[in-house]
Amino acid sequence: MDQNQLVSATVELGLDLLEKNGSFLPFCKAVNESGETLVYTAASDRDFSAEQAYKSVRSSVIRDLQARSLKGVAFCFPSRVRLSDSKEKVPAIEVEVHYRSLPAKVWYFLYKMDGNKASVLEYYTNDAKEDLFA
């Protein structure tokens, strides 16, 4: 699984969760050197805020970077972003991707809900502030 496939699979999972539950807590989809994919979520026995869930997931991923030979990780968050030509914030799926030997990026997938169907309207990317593999 390359970096683009990892991002796509992560967004698909985020959209599926939106369609099934209407929302989701931050999670991470990862791939190891042998191509096995893993999904990291916050512990299920506690009620986590989004920030607590992210911290829990992130600490698990960082612990496993070497232990599980991870070569790519994609943290996924529900987000709201401001459109460049408006003051309005719209819902987005934010994906922060770190992939060995490639620059870390943050992707924003703006979406709309039509009933319980989520669809991406547009997307864009920026450089990430840190790189877990640097």
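See the values below:
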quantity: Per-residue ³J(HN,Hα) for region 117-134, Karplus 6.51 cos²θ - 1.76 cosθ + 1.60, θ = phi - 60°, Hz, x for Gly and Pro; calculated: 10, 9, 9, 6, 8, 6, 8, 8, 9, 9, 5, 7, 6, 9, 10, 5, 9, 6
quantity: Within the accessible area of the chain (1.4 Å probe), percent carbon and sulfur; calculated: 45
quantity: Probe 1.4 Å, protein heavy atoms only - accessible area per residue of region 65-134 in square angstrom; calculated: 61
quantity: Isotropically averaged projected area of region 75-134, using the convex hull of Cα atoms (one quarter of hull area), nm²; calculated: 4.8
quantity: 5 angstrom amide H check on residue 71, placed H, neighbours 5+ away; calculated: 31, 32, 33
quantity: Exposure rank, largest accessible area first [96, 19, 51; 1.4 Å]; calculated: 51, 19, 96
quantity: Derived scalar couplings ³J(HN,Hα) [region 50-58; Karplus, 6.51 cos²θ - 1.76 cosθ + 1.60; whole Hz; x for Gly, Pro]; calculated: 4, 5, 5, 4, 4, 4, 5, 5, 4
quantity: Accessible area, probe 1.4 Å, largest first, for residues 56, 8; calculated: 8, 56
quantity: The chain: radius of gyration over Cα atoms, expressed as a fraction of 2.2 N^0.38 Å; calculated: 1.04
quantity: Residues in region 1-30 reached by a label modelled at residue 101 [backbone nitrogen below 17 Å; 7 Å Cα→Cβ]; calculated: 1-6
quantity: Vicinal HN-Hα couplings computed from phi for region 66-80 (Karplus, 6.51 cos²θ - 1.76 cosθ + 1.60; Hz; Gly/Pro x); calculated: 8, 4, 10, 6, 5, 10, x, 9, 9, 7, 10, 9, x, 8, 9
quantity: For residue 105, distant residues with modelled amide H under 5 Å away; calculated: 97, 128
quantity: Global geometry of region 38-84, whether rounded, prolate or oblate, following the gyration tensor of its Cα atoms and the 1.5 cut on a/c; calculated: oblate
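The values are calculated or read from the model by the stated rules, or taken from the named source; none is laboratory data. Treat the numbers as computed from the prediction; the structure is a model and nothing was measured. Because the Cβ atoms are built from the backbone with ideal geometry, glycine has one as well, and the counts that use them run over all protein chains shown. Surface areas here come from the heavy atoms of the whole protein model, side chains and all, with no ligands, DNA or RNA. Shrake-Rupley method; radii C 1.70, N 1.55, O 1.52, S 1.80 Å.
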